[in-house]
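Student: Sharing a structure here in structure tokens format.
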Amino acid sequence: MSDVPDNFAFLDGYDGRLAKLARQAEGYVHTDPESCLFKLRLLVETMAQMMVRSSLPQLNSNDLGAMLSALERAQLLDRRQADSMHAIRRDGNAAVHGIAAPTTTAMRRLRDAHGISQWFASMVKRGARVARQPFVMPDAPSPEAAASQREADALEDRIEIQRQRTRDALLVFRDQSELDLWVPRLRAELEALSEVAATAGETSIDAETVEIMMMLELEQLLEHPVLGTSARGKQREATAALSHVRRSLDARESDYAQQRERIARSLHHGEP
Amino acid sequence: MAETGTPPGTLDEAHVALGTVWFLVARAMVAAGGEEAIHKQSAGGLYAQAVLGLTEDECIAAKDPGHCAPLTLVDAVSMLETMPLESGEKLLTGLIMLSFMDRRMSPMEARLVSIVASALDLTPKEVEECCLSARVLADVLAPPGLRDRFRGQALGGPGPAKGPGSS
């Protein structure tokens, strides 16, 4: 067994539990990638719980996905950290469910965890300077094993590109630079259009009426004697449509897991 | 690998055109709200796929900078004027839903809804129908934490203030 570098030594000064989990994950990366992913998921979950406890105590959920989404909504996580944490959550979940993963998957998530940990350490102790250390890849047990990771590497590249694409498709603005470009421009256009409409005496919709309708409790709306039937129909339709999108995304993640499992099996057991 | 709508790799031009108008007006709604919250942004994208039936590829093509960068809000209004009523109503519903994500409608957001309703030539009754759909969709598409908040706040309950003088 080759030496394992201590990429997470800096965490000792911040939180002993996190340092321990990170080291355990690092130690498992070549010998037991699934355990590595499981430990990394636990690491991210612990960080998320700490952040929720200190900044969003009103959040009533222990689900990691929900915690990360809430932290992102509250702008406590930026997009990069959130993407990395979600990737660890997803791959950790697959590992927990017994789906085999190649070392490459675990290595990528370990590298993600290293970046997140440095960010987290600088955030939990505001003003503290975290000496940024580059991630040192733990050596493979043998050069043969390293060579056989190429297929797994190519798969991980494809998965990262596809996950990024999914996110780009889902957001109204693909990234911050797009947002910075469009928002001032659209606000200016809207103000100009608004002025023209006001000068022309065009009536605006009654925002209060819209608000009153929108502030109705959903249950009240669904049971409404006149609107209820239509509202229930719309709810069924929307729920089915959303489930369809979610199933497509889940099917894709499951497809990744199967491909990883196939590679992991062929690497570990020489199976075709 | 499962996909929604058209198969992967193929783009339906009508879908891309619909997506172009949707993302233009959705961006305008996000800008009008005065904040760029991530939940609004992802609800906009989910709406495009779940309700408008666009694929991931079509959403990306619709937002391609080379394709949409030269377009203005006035272009979007022109496109809305020639749009079938059903699609137009879906767009307006989505816009109202986005606005509702923070439970207030600012004067600028109300103006955008008016501009779109007027371009689509919708009657007040049709706008009300869109509001009804938007209310339901806001609940279905909201992330779990926000959904609980919607449900926990009755009419008149405390909501985040959104700009002065909401009309």
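Student: Among the residues of the stretch A:245-272, write down those that are under 17 Å from B:Ala138 (Cα atoms) and open to solvent by 60 Å² or more (accessible area, probe 1.4 Å).
Tutor: A:Arg246
Student: Continuing with this model, one more query. Condition first: in a helix (DSSP H, G or I) and open to solvent by 40 Å² or more (accessible area, probe 1.4 Å). Now tell me which residues in the stretch B:51-86 satisfy that.
Tutor: B:Pro65, B:Gly66, B:His67, B:Val74, B:Asp75, B:Ser78, B:Met79, B:Glu81, B:Leu85, B:Glu86
Student: Please give the number of the condition A:Leu71 fails out of (1) at pLDDT 95 or above; (2) out of contact with any Phe, Trp or Tyr (no Cβ under 8 Å at 6 or more places or on another chain).
Tutor: (1)
Student: Would you confirm, using the coordinates I've provided, whether A:Ala231 is surrounded by 13 or more Cβ atoms within 10 Å (Cβ to Cβ), in a helix (DSSP H, G or I), among the aliphatic types (A, V, I, L, M) and more than 9 Å from every other protein chain (Cβ to nearest Cβ)?
Tutor: no
Student: Taking B:Glu89, is it within 19 Å of B:Ala14 (Cα to Cα) and surrounded by fewer than 19 Cβ atoms within 10 Å (Cβ to Cβ)?
Tutor: Spelling it out, it is not the case that B:Glu89 is within 19 Å of B:Ala14 (Cα to Cα) and surrounded by fewer than 19 Cβ atoms within 10 Å (Cβ to Cβ).
Student: Let me ask you something else. Among the residues of the stretch A:168-185 satisfying the criterion of being more than 7 Å from every other protein chain (Cβ to nearest Cβ) and within 13 Å of A:Arg79 (Cβ to Cβ), which is surrounded by the fewest Cβ atoms within 10 Å (Cβ to Cβ)?
Tutor: A:Ser177
Student: Give the number of residues within the stretch A:186-208 that are facing chain B (nearest Cβ under 8 Å) and either open to solvent by less than 20 Å² (accessible area, probe 1.4 Å) or in a helix (DSSP H, G or I) (or both).
Tutor: 10
Student: Now for a different question. With the stretch A:33-100 as the region, which helices (runs of 4 or more DSSP H) entirely inside it contain at least 1 residues that are touching a residue at least 60 places away in the same chain (Cβ under 8 Å)?
Tutor: A:33-55, A:79-96
Student: All but one of (1) closer than 20 Å to A:Cys36 by Cα; (2) outside any helix (DSSP H, G or I); (3) at pLDDT below 75 hold for A:Val130; state the number of the condition that does not hold.
Tutor: (1)
The values are calculated or read from the model by the stated rules, or taken from the named source; none is laboratory data. Everything numeric in this text was worked out from a predicted model, so none of it was measured. Neighbour counts are summed over all protein chains in view; Cβ atoms, including those assigned to glycine, are modelled from backbone coordinates with ideal geometry. Accessible surface is based on the protein model in full, side chains and every heavy atom, while ligands, DNA and RNA are left aside. Shrake-Rupley method; radii C 1.70, N 1.55, O 1.52, S 1.80 Å.
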